[in-house]
Amino acid sequence: MKELEVTVFVYNEDPFEAHISAEGVESGVNQSNVHKIYLGYEKPQKGVVVKFKLPNGEKKYIRGE
């Protein structure tokens, strides 16, 4: 199964502000769970990889299981 990579642009970490791509919204990533996924409290759906682009240019990947 091919994984779907969705992008979330993080504008600010405290308070948490982010923009979720259209693909992310379609795959179940939304404003209520994106911060939990970022912190590691939740995982995205199976087959989804969430790529967080941070303000400092770093990237953080969270893979659904």
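Quick notes
- Selection over the stretch 55-65 of residues that are in a loop (DSSP other than H, G, I, E, B) and exposed (fewer than 15 other Cβ atoms within 10 Å of the Cβ) gives a count of 5.
Quick grid of which residues meet (1) of a type in the set (S, T, N, Q); (2) touching a residue at least 40 places away in the same chain (Cβ under 8 Å); (3) touching a helix residue (DSSP H, G or I) at 6+ places or on another chain (Cβ under 9 Å):
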| position | (1), (2), (3) |
| --- | --- |
| Tyr11 | no, yes, no |
| Tyr38 | no, no, no |
| Lys43 | no, no, yes |
| Val48 | no, yes, yes |
| Lys59 | no, no, no |
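- Count of the stretch 15-32 residues which are surrounded by 15 or more Cβ atoms within 10 Å (Cβ to Cβ) and part of a loop (DSSP other than H, G, I, E, B): 3
- Tally of residues being β-branched (Val, Ile, Thr) and closer than 12 Å to Arg63 by Cα across the stretch 8-53: 4
- Among residues of the stretch 33-43, those that are in a loop (DSSP other than H, G, I, E, B) and surrounded by fewer than 13 Cβ atoms within 10 Å (Cβ to Cβ), counted: 2
Where a number appears in this text, it was derived from the coordinates with a stated rule and is not lab data. Just so it is clear, the structure is predicted and the values come from calculations on it, not from any experiment. Reconstructed Cβ throughout: ideal geometry from the backbone, glycine too, with neighbour counts over all protein chains shown.
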